[in-house]
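The values are calculated or read from the model by the stated rules, or taken from the named source; none is laboratory data. Only a predicted model underlies this, so the values are computations on that prediction, with no experimental measurement involved. Neighbour counts run over all protein chains shown; Cβ positions are idealised from the backbone, glycine included. Accessible surface areas use protein heavy atoms only, side chains included; no ligands, DNA or RNA. Shrake-Rupley method; radii C 1.70, N 1.55, O 1.52, S 1.80 Å.
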Amino acid sequence: MNPLSRRNVLKALAATPAAGMVAGLAAGAGTATLIGAPRIARAAEFDFKYGNNLPLTHPLNVRSHEAAERIRRETNGRVDIQIFPNNQLGGDTDMLSQVRSGGITFFTPSALVIATLVPVAAINAVGFAFADYGQVWSAMDGKLGEHVRGAISKVGLHAFEKMWDNGFRQMTSGAKPIQTAADMDGLKIRVPVSPLSIAMFKSLSAAPASLQFSEVYSSLQTRIVDAQENPLPIIQVAKLYEVQKYCALSNHIWDGFWFIANGRAWRGLPADLQKIVSTAINDAGVQQREDIKALNQSVQADLQSKGLTFNQPAPDSFRAKLRDSGFYGEWKGRFGDEAWALLESAVGKLA
């Protein structure tokens, strides 16, 4: 596989409108491209592999490629990072295993993926915890993120300080808009196979159904389910606007990517190189957040033009329902008092 230059990667992104960029999220499995700058003449002192599950046009890969180039330049070629996008090195479970064993050095699992190893990592996905990105970054760039990184380190992994954005999840429906928690009563809604998500929707008195994503469109079309929830770009690429009328910008769950490294490989880097790598990766993560923000804005405008009606429900009634049903109390117990207190310091009282 021939490596691509930064120019080609950026051309691919520039030539891809929001809809096309996101289409790659679902259809990019056919891409078999190794992202990386052309090889320098001499071998790098530290030659690392980084795997992820997104296509090369996604902002995560564009920004990580820029970071890899910066690292190569600022270390005078001592550190070379090859990027393998689009599940080239396996699925999330495979890559998580590989980064733990040292088969690859870097990986960007979502918080819900790494939570299979580090349960507290799922705390950012507590229902209706974050009202907006201001609260997200206050928590995850602050003491809550530090707490989670400490837990990740205990399983032999190093997590960089800045999380990368995977977006808020929103709810769509067909019969009526979702304005308050009362609109969830008996609502047949498709949810992913996630204990936290299923528990949340049950606590809202909905009727969650765990279906494969490939079944979502037909299930909405035939009214097996009446609603679903996903980030806006997924709603767009799956053309769910054809079988749904309303979209509530509920921000009910936020998830992000932890940029992690194999602990032994990270400790083996000299301190001066660690500083260069950390700075480049963290800076790229902050830039990727802005990319996702702009992408979501363009996607919403496109969905509106296709007939999807948006509303922005206040989180108060949903939080009250989750509190009264015991959802917050249960998950406070699962995550622990310390982690929960750090979450509430950023978002306010939940349980």
| request: Quickly estimate the mean residue ellipticity at 222 nm for the chain, helices only: each DSSP H run with n ≥ 4 gives -39500 (n - 2.57), and the total goes over all residues, rounded to 500. | output: -13500 deg cm²/dmol
| request: Could you size up the charge dipole of the chain around its Cα centre, putting +1 on the beta carbon of Lys and Arg and -1 on that of Asp and Glu, and report it in debye to the nearest 20? | output: 460 debye
| query | Going 7 Å from the Cα of residue 155 toward and past its Cβ, which residues in the stretch 92-133 have a backbone nitrogen under 11 Å from where you end up? | reply | 93, 96-97, 100, 109-122
| query | Each label point is 7 Å from the Cα along the Cα-to-Cβ direction; what then is the distance between the points at residue 304 and residue 202, in nm? | reply | 3.8 nm
| note | For residue 245 and residue 311, extending 7 Å from Cα along the Cα-Cβ vector and measuring point to point gives, in nm, a value of 1.2 nm
| Farthest toward the dipole's positive end in the stretch 225-351, which of 340, 253, 236, given Cβ charges of +1 (Lys, Arg) and -1 (Asp, Glu) about the Cα centre? | 340
| request: Determine which residues of the stretch 49-64 fall in the zone a paramagnetic label at residue 101 would reach in this model, i.e. backbone nitrogen under 18 Å from the point 7 Å along Cα→Cβ. | output: 49-52
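How long is the gain from residue 146 to residue 176 if the chain were fully straight, where each residue apart is worth 0.36 nm and the alpha carbon distance is subtracted? Write down the numbers at each step before the final one.
Values: separation 30, 0.36 × 30 = 10.80 nm, distance 4.10 nm.
Gain on extension, residue 146 to residue 176, equals 6.7 nm.
Quick check for you: with a 1.4 Å probe and neighbouring chains kept, what is the accessible area per residue of the stretch 139-204, in Å²?
On the way: 2450 Å² over 66 residues.
So the stretch 139-204 comes to 37 Å² accessible per residue, rounded to a whole number.
How would you classify the stretch 48-101 from its alpha-carbon gyration tensor, with a ≥ b ≥ c the square roots of the eigenvalues: rounded for a/c under 1.5, else prolate if a/b is greater than b/c, otherwise oblate? Intermediate results must be reported in sequence, preceding the final value.
On the way: a/c = 3.33, a/b = 1.46, b/c = 2.28.
Note, shape of the stretch 48-101 comes out oblate.
Once you sort the root eigenvalues of the Cα gyration tensor of the stretch 221-351 as a ≥ b ≥ c, which label holds: rounded (a/c under 1.5), prolate (a/b larger than b/c) or oblate (the other case)?
Values: a/c = 2.53, a/b = 1.35, b/c = 1.88.
Taking the square roots of the gyration eigenvalues as a ≥ b ≥ c, the stretch 221-351 is oblate.
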| task | Have a look at the DSSP beta bridges in the chain and tell me what percent are antiparallel, nearest 5. | result | 50 percent
| said: Just to confirm my numbers, what's the Cα centroid distance between the stretch 176-199 and the stretch 304-351 in Å? | reply: 13 Å
| note | Taking a ≥ b ≥ c as the square roots of the eigenvalues of the Cα gyration tensor, with a/c under 1.5 meaning rounded and otherwise prolate when a/b exceeds b/c and oblate if not, the stretch 265-329 is oblate
| request: Could you tell me which of 102, 166, 179 has its Cα farthest along the dipole of the stretch 75-191 towards the positive end, charges placed at Cβ (Lys, Arg +1; Asp, Glu -1), taken about the Cα centre? | output: 102
